[in-house]
Amino acid sequence: MALDEILKHPVAQWMVGDAPANDIVVGTRVRLARNLHEIPFPGVATRTQLGQVVDQVREAITHAAQGDGRTPRLGRLHFFTMDALSPLTKQLLVERHLISPQHAQTGAGHGVALRDDERVSIMVNEEDHLRIQVLLPGFQPQEAWEMANQVDDALDARLVYAFSDAVGYLTAWPTNVGTGLRASVMLHLPALARAGQIRALISAVAQLGLTVRGIYGEGTEAWGNLFQLSNQVSLGRSEEEITTHLATVARQVIQQERQAREALLNRQRIELEDAIYRSFGIVTHARSLSTKEALRLLSDVRLGIDLGLISGIPETILQELMVRIRPAHLQRLVGRELSASERDLQRATLIRERFKVQR
Amino acid sequence: MLCEDCHEREATVHITHVVNGERSEAHLCERCAQKRSESEGVAPFGLQSFLKGLFDPETLFGPGASGGLAGVERVERCQRCGLSLDDFRRLGHLGCSHCYQQFHRQLLPALQRIHGATRHRGKVPSRGNETVLLRRDLKQLREQLNAAIQREAYEEAAVLRDRIRALEEQLGAS
Ligand SMILES: [Zn+2]
Ligand SMILES: [Zn+2]
């Protein structure tokens, strides 16, 4: 199966459908870092060694996809080497959160495996030999960990991992050693942002071994009020403890966002309604939109939907469009390369059309 | 792009020299860039200098860590992958699993700083698992054997000895 076939849907599978707490949680991601025994990490490995990793992992993935009696079938996992993918396809993968931007810069000796529902992806020879990733819609940390664990079990049956009794799974960066686990929930926090609470949130979760950062934007900016809450500690706590801890803190953040929304409605109803309807007006009529502006407006629209001010538009509009308005997706839609200003025009057109269809 | 010195690793460091208005470029892997900069006294600029900012020794090892090591320790290298302690401090990442043993002493305070812990809890791989558990059992049995001998419980000791032998065979075979 060609990768373009898997990516043919305008929206990644993990973004759509009903999911727990998806009024605030855009998605949940769990990543496991693994390395193969006796082969240097990708950063210092020779080309030959990178090739060995690719061969071993490709074989393990093929077997895992089929299942072998001892381990369950993992389903339709397809492996691709990075040099077999066009720059546009690689960029589509980045925009769908399936590979990292750094991984998109690689070629021969690097690879990616993808399940056709796009919920499981495996980067081969990124910073570690394997980065197993599971992406689920809404708030599902436990489910995402269990799924990643299953994928890991299936690969573990065929591969010998670099592991030490003392510090666990050995990773290129000491920040990932131990469980190799990074669990994240992607949150839409417009009310907390409006109330100026993000800074306080960042320092509060830091004390709990977690981090908050913007998903899009540069520096401290978080375009579209989209944030990622992740564990920072990967060593000394079990996977269940890490996942449960993240879930507990995330639930509190969700609770606080709900309270902040309530407070906004009670205290600044007119200002809030005005801001939301203005954004709705602009986003459905503008002729040119930058990514930053589009995300800001869509964040307001999404909040309007959640508060019952705007109806007839699917709740997942934000996570759907946050991917579809990005450069490679726009370029694929139009079928040719676009300059930055052309992209702004196409972005506005896409959003206008999308809202027209709904109403 | 391959490194132009070793032709083995990916070139991730790109150096531009301007000498008398003449521009020359070099595309090197991190290891060879380090070697060149040692011999030329030129600091390479690239991704790694950016990462260095994030993972400089002061952050990883606490204040004063960068100046605290000199002489012999500076050339300490991983016997498996060749990464030096300096490389690790500069890059922030390790070269291979053996580095964890090689730089164990320097890593411990860093792990404590990052994770608040230095020992793994949680999942264990299936193969690592078997040997790790067998070794743990073996250690316990040997302790029990010593205790039994001290107590002059020779029958018990004989049983323990058989079990130890069986485990040793199992470990040798795996
Ligand atoms: Zn080189
Ligand atoms: Zn090493």
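The values are calculated or read from the model by the stated rules, or taken from the named source; none is laboratory data. Note that the structure is predicted; figures quoted are calculated from it, not measured. FYI the Cβ positions are ideal-geometry reconstructions off the backbone, even for glycines, and counts take in every protein chain you see. In case anyone asks, the SASA skips ligands and DNA or RNA and just uses the protein heavy atoms, side chains included. Shrake-Rupley method; radii C 1.70, N 1.55, O 1.52, S 1.80 Å.
When the range A:94-123 is filtered for residues that are more than 14 Å from every other protein chain (Cβ to nearest Cβ) and of a type in the set (A, V, I, L, M, F, W, C), the ones remaining, listed by number, are A:VAL94, A:LEU98, A:ILE99, A:ALA104, A:VAL112, A:ALA113, A:LEU114, A:VAL120, A:ILE122, A:MET123. Scan the range A:111-144 residue by residue and report those that are assigned to a loop (DSSP other than H, G, I, E, B) and at pLDDT below 95. Hits for the range A:111-144 are A:ASP116, A:ASP117, A:GLU118, A:ARG119, A:GLY138. The set of residues in the range A:307-319 that are in a helix (DSSP H, G or I) and in contact with a helix residue (DSSP H, G or I) (Cβ under 6 Å, 6 or more places away or on another chain) comprises A:LEU318, A:GLN319. Of B:ARG135, B:ARG113, B:ARG161, B:ARG142, all but one fail to be open to solvent by 50 Å² or more (accessible area, probe 1.4 Å), part of a helix (DSSP H, G or I), away from ligand 1 (no atom under 16 Å from the Cβ) and at pLDDT below 90; the exception is B:ARG135. In the set A:GLY17, A:GLY75, A:GLY27, only one residue is open to solvent by 40 Å² or more (accessible area, probe 1.4 Å) and in contact with a strand residue (DSSP E or B) (Cβ under 9 Å, 6 or more places away or on another chain); that residue is A:GLY17. The set of residues from the range B:79-95 being farther than 14 Å from A:LEU170 by Cβ and within 8 Å of ligand 2 (Cβ to nearest atom) comprises B:GLN79, B:GLY82. Residue pairs whose Cβ atoms lie under 7 Å apart, separated by 6 or more positions or on different chains, with the first residue in the range A:302-316 and on the phi > 0 side of the Ramachandran plot and the second polar (S, T, N, Q), are A:GLY312/A:GLN358. Cβ separations smaller than 6 Å between residues 6+ apart or across chains give the following pairs from the range A:63-92 residues that are within 15 Å of A:ARG119 (Cα to Cα) and at pLDDT below 90 to residues that are part of a helix (DSSP H, G or I) and small (Gly, Ala, Ser): A:LEU74/A:ALA64; A:LEU74/A:ALA65; A:LEU74/A:ALA154; A:LEU77/A:ALA65. Residue by residue through the range A:203-215, note down the ones that are away from every other protein chain (no Cβ under 14 Å) and crowded, with 16+ Cβ neighbours inside 10 Å. Correct list: A:ALA204, A:VAL205, A:VAL212, A:GLY214, A:ILE215. Among the residues of the range A:225-243, those identified as within 7 Å of another protein chain (Cβ to nearest Cβ) and either basic (Lys, Arg) or outside any loop (DSSP other than H, G, I, E, B) (or both) are A:ARG237, A:GLU239.
When the range A:36-52 is limited to residues that are closer than 9 Å to A:GLY109 by Cα and touching a Gly at 6+ places or on another chain (Cβ under 8 Å), the one that is surrounded by the most Cβ atoms within 10 Å (Cβ to Cβ) turns out to be A:LEU50.
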